[in-house]
Each structure stands twice: as C-alpha cells, then as structure tokens.
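The values are calculated or read from the model by the stated rules, or taken from the named source; none is laboratory data. Note that this is a predicted model, so its numbers are computed, not measured. Here the Cβ is made from the backbone with ideal geometry for all residues, glycine too, and neighbour counts use every protein chain on show. Keep in mind that these areas ignore ligands, DNA and RNA; they rest on the heavy atoms of the full protein, side chains included. Shrake-Rupley method; radii C 1.70, N 1.55, O 1.52, S 1.80 Å.
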Amino acid sequence: MLTMKKRLLLAFTIFAMFFGAGNLIFPPYLAYQAGDSILTSFLGFIVTAIGLPVLSLIAISRAGSLKNLASRVHPVFGTAFTIAIYLAIGPCLAIPRTASTSYEMVAEAFGTGRAFGVIYSVIFFMISGIVALRPDKLTKRLGRMLSPLLILLIIILFVGSATLFDGAVSKAQGPYATLPFTTGFQDGYQTMDALAGLVFGIILSINLKAMGVEGREARKESVLAAAGGGVLLLIVYTAIAFIGIVAEGLSQGATNGAEVLSDTAAAISGSYGRIILALIFVIACFNTSVSLLSSCGEYFSRLVPRIRRGVWIAIFATASCIISNAGLDMIISISSPVLTVLYPAAIVLIALALIPSMETRRWTHILSVTAALASSVIIGSGFLWLIPTTVALIIGFLIDKRETTFS
C-alpha cells in the first residue's frame, strides 16, 4: 500500500500526462462562446474530458493493456485498433499539437517569427524525447517537479483574471445556445484524453512497479491515482473556464482558446501576462509530449522488439516535429473527423471493461464495437451512434447468453 504522499504524487503525474494542449485551449473557448449556458456546456465537457479519461485508465488497469481490451472483439482488431489509437494520439495528431500550441504562445510573448518556430519544435521534441527515455522516472520529473509549478502559474492567471471580472455574462453563441450539453460533450472529445488514457495505462503501470506495487494492489492504486488526477483536472478546468468567461469582454473575434487566453493575459499584465501564459503552455505541452512519446515508444518496442524503445521515440519525435509545423488550426481540423470515428468504439470498450464478467461476452463486444465504428462513420458526431450501438449490444448479449445456456 502506498503512502498518501506517493498517492498524491501519482495524482499529480496523471494530471501532468493528461493536461496538455487541448486541455488548455478548449475550456476557455467553450466558456467564451457558452456565456449564460456555461454550466450545462461545462457539464457536458467534463463528462468526456474528465469522466472518460478516468474510466479509461481504470479499464486498462482491469484489462492489463489496450491490446488485451480491444482483442476481446478479435485479436486482429485488437492489434489494428491499438495501433490506430497510438498513432492518432501520438505522432499523427496529439504530439505535434503540443509543440504548435505552445509555440503560438511563445511567439505571442516574445514576437518571434515562423523561422524560429522550426527551431523551437526541434529543441522541444529533442528534450521531450530525452526525458521520455525513462518512463519509470516520470512520477518524479512530471508529478513532483513540473505539475506543481504549472498549477501555481495557472492560479496566478486565474487570480489576475478575477480582478477584471465585472460580473456580466454574455448570451450563448451558436450551438451552445441550442444544444449546450451536446456541444460541450463533443468539445471534450477534442482533448483526446479518453484515448490518451487507454495508452497512459502502460506508463502508470511502469511507475507503480517502480514503487514496488504490482498485481491486485496495483489495480487499486491505479483507480486512486486516476480519481486524484481527475479531481486536479476539474479544479484547473474550472479555473481556466472562468478565464474564458472574463475574456468575453476582452477578446473580440477569437477563433480558438489560445487567442482567448492570450488576450486575457495581456489585459492582466501586458507582456508579463503573456510570458506567464507562454510558460504555462510550454510546461503543460511538454508534460503531455513526454508522456505520449514514452507511451508510444514503450508499446511499439513491445510490438516490434527488434527496434529499441529509444529508436521508436526518436522516430516519433522526428515525425511529430515535421507535422507540428503545419499549424494549430490545421491539426485541430484534421483531428476532429478522426476522433469522431475512434471515440465511440473506445467508449464502448471502456464501458464493457467496467462491467463485471463481461470480458467473456464475445458477441457483445463484436456487435457493439462494430456498430459503434460503422455508425460513427455514417452518422458522424453527436449521440446518434448510441442508438444502433445499444441495439447491437443487446443483440450480442442475448446471443452470448444463449450460447452460454446451451454450452
């Protein structure tokens, strides 16, 4: 059993792994647009941005790995889906976003141009890759060192924005006025954290093992760490969402959360405010970059043992460096349709993993996950994929029950 100090350290580590680019830019932009619908929209957001990531870590702790979880559908699907998840939240989308997002803030604070952005991304991923080489040390480096500093800087920005708040809240804009919960729910997709939780489980397991915790005790500590990280995320999300509310009167025509935060920081303390914001983005994005590089390196070195983890990390860091220079808005526009397809199947797998004795229900997994994938492609975003998926899940469960009865 871990001490309270070590549990708190693990909670800070979970927070550090999850809290990156999307976690910074989506809550304030949601609040900026949601206005008087902020409570309903924010509730929808935290379901997918906090609830699902916490549950995904718990699901992985029960299943042992993402591949084990997805292989309940079929072994081939298990490998294919796992690779797709790792690539989506790895070098194709999420890792590049850490550099592009943080650099936008650095450029705002110091007035640097695009040419320096290339140099920044090279340095950013070089250092990230080096730190990622030791996944067993992430609890110390991220949880003990960088997370407290990050939270302190966010508190400073929050307090500064509170001094500017006049109590006025604007009317909700666009879909936040008509479908606040659904819109917030879909915004939570964009953090990618439910998918990230499926691969961060491997890093959590490594750090627990380094603390001497394995087996059933490790599963218990994983749940506590996930819950603790979720509480920290909720506190910080609330703080930066409040900044988005304040920003409504300060930032005109903002197109993303980075602009909302930048305008607010400048209103608080001019260039000093922007420097603090730049530090927040760099630390948060660096934490997530390290965690994702480490997770991807660990998985692919197990998948292809002939190539060492360090080589895989170098490959992914290089690819992410190249992709990151495409820019933040382009990366987000690409990520949206990919997440629309992957998320429903991931949600179904997570839900089934949390139901006792469900791991042996073969047809329940096959039909429900297939329906989730197919409906997400055909129907697209929103909740409509739940209808055919639920029907398929019930049919699969009845088939499994009938086979069990006659076996």
### Task
Would you mind getting the Kirkwood hydrodynamic radius of the range 154-243 from its Cα pairs, rounded to one decimal in Å?
16.3 Å
### Task
Kindly express, to the nearest 10 degrees and within the range 0 to 90, the angle between helix 309-324's C-alpha long axis and the longest C-alpha principal axis of the chain.
50 degrees
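For the chain, which span is the longest to avoid every loop-located (per DSSP) member of chymotrypsin sites (Phe, Trp or Tyr not before Pro) having at most 16 other Cβ atoms inside 10 Å? All intermediate terms of the calculation are to be shown ahead of the outcome.
Numbers: sites that count: Phe165, Phe383.
Answer - 166-382.
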### Message
Let me test this: with uniform point scatterers at the alpha carbons of the chain, what is the Debye-based log₁₀ I(q)/I(0) at q = 0.06, 0.11, 0.14 1/Å?
### Response
-0.23, -0.78, -1.25
### Task
Consider a paramagnetic label point 7 Å from the Cα of Phe383 along Cα→Cβ; state which residues of the range 32-68 have an amide N under 15 Å from it.
40-48
### Query
Taking only Cα atoms, what is the 0 to 90° angle, nearest 10, from helix 180-189's long axis to the longest principal axis of the chain?
80 degrees
### Query
For the chain, modelled as a Gaussian network with Cα springs under 10 Å, which listed residue fluctuates most, Gly174, Gly160, Gly117?
Gly174
### Summary
proj_area_mean for the range 297-369 (convex hull on C-alpha atoms), units nm², value 7.1 nm²
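If you stretched the chain out fully between Val223 and Glu359, how much longer would it get, using 0.36 nm times the residue separation minus the C-alpha to C-alpha distance? If you can, show how the numbers build up before the last one.
Working: separation 136, 0.36 × 136 = 48.96 nm, distance 1.89 nm.
Gain in length upon complete extension: 47.1 nm.
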### Message
Which residue, Gly143, Pro180, Ser121, has the largest displacement toward the positive end of the dipole of the chain when charges sit on each Cβ (Lys, Arg +1; Asp, Glu -1)?
### Response
Gly143
### Message
At 1.4 Å probe radius, can you tell me the per residue accessible area of the chain in Å²?
### Response
41 Å²
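Test of understanding: what is the full-extension gain from Arg402 to Arg144, defined as 0.36 nm times their sequence separation minus their Cα-Cα distance?
Values: separation 258, 0.36 × 258 = 92.88 nm, distance 5.19 nm.
Answer, rounded to one decimal: 87.7 nm.
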### Message
Treating only the Cβ of Lys, Arg, Asp and Glu as charged (+1, +1, -1, -1), what charge dipole size does the chain show about its Cα centre? Round to the nearest 20 debye.
### Response
1620 debye
## Note on the structure
For the chain, longest principal axis from Cα atoms; helix 4-18 axis from its Cα atoms; angle between them, nearest 10 degrees, is 80 degrees
### Message
Under a crude label model (7 Å from the Cα following the beta-carbon direction), how far is Val304 from Ala326 in nanometres?
### Response
2.0 nm
### Message
As a test question: what accessible area, to the nearest 10 Å², does Asp36 have when a 1.4 Å probe is rolled over all protein chains in place?
### Response
80 Å²
